1. Obtain the radius of gyration and the Kirkwood radius of the stretch 26-81 from its C-alpha atoms and give Rg over Rh.
2. With label points built 7 Å along Cα→Cβ from the Cα atoms of Phe20 and Arg3, find their separation and express it in nm.
3. Find how much the distance from Thr53 to Ser72 grows on full extension, using 0.36 nm per residue of separation minus their present alpha carbon separation; answer in nm with one decimal.
Amino acid sequence: MDRCARHDFSLLLGYPLAYFLSFYAGKKKDLLYQLVIIPLWVSYLVRAYAWKTILGSDGVLNTLLQYMHLTSIRWSFCSTVHLPWC
């Protein structure tokens, strides 16, 4: 799908949805807002979980370092770097 088609699709979907949410949603407005916003969070949550899996004390990086006998202790890379999701 080229850039113009994506733009047109976004306009055709976005404006009627925004108009409906603004004027006609009624009691279901909060639920519909959440259904619009939640997919925007999915990328962030998957990325945060992946970093935690890699850098956690039982994560991939620490397991690799112990397997290669580069360290004998369990590092917690999340607490040394102060990542917000660890």
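Laboratory data are not the source of any read-out in this text; all were calculated from the coordinates shown. In this text the structure is predicted, and so the values were computed from the model without any measurement. Here the Cβ is made from the backbone with ideal geometry for all residues, glycine too, and neighbour counts use every protein chain on show.
1. 1.35
2. Simple spin-label model gives 3.0 nm for this pair.
3. Value of the extension gain: 4.9 nm.
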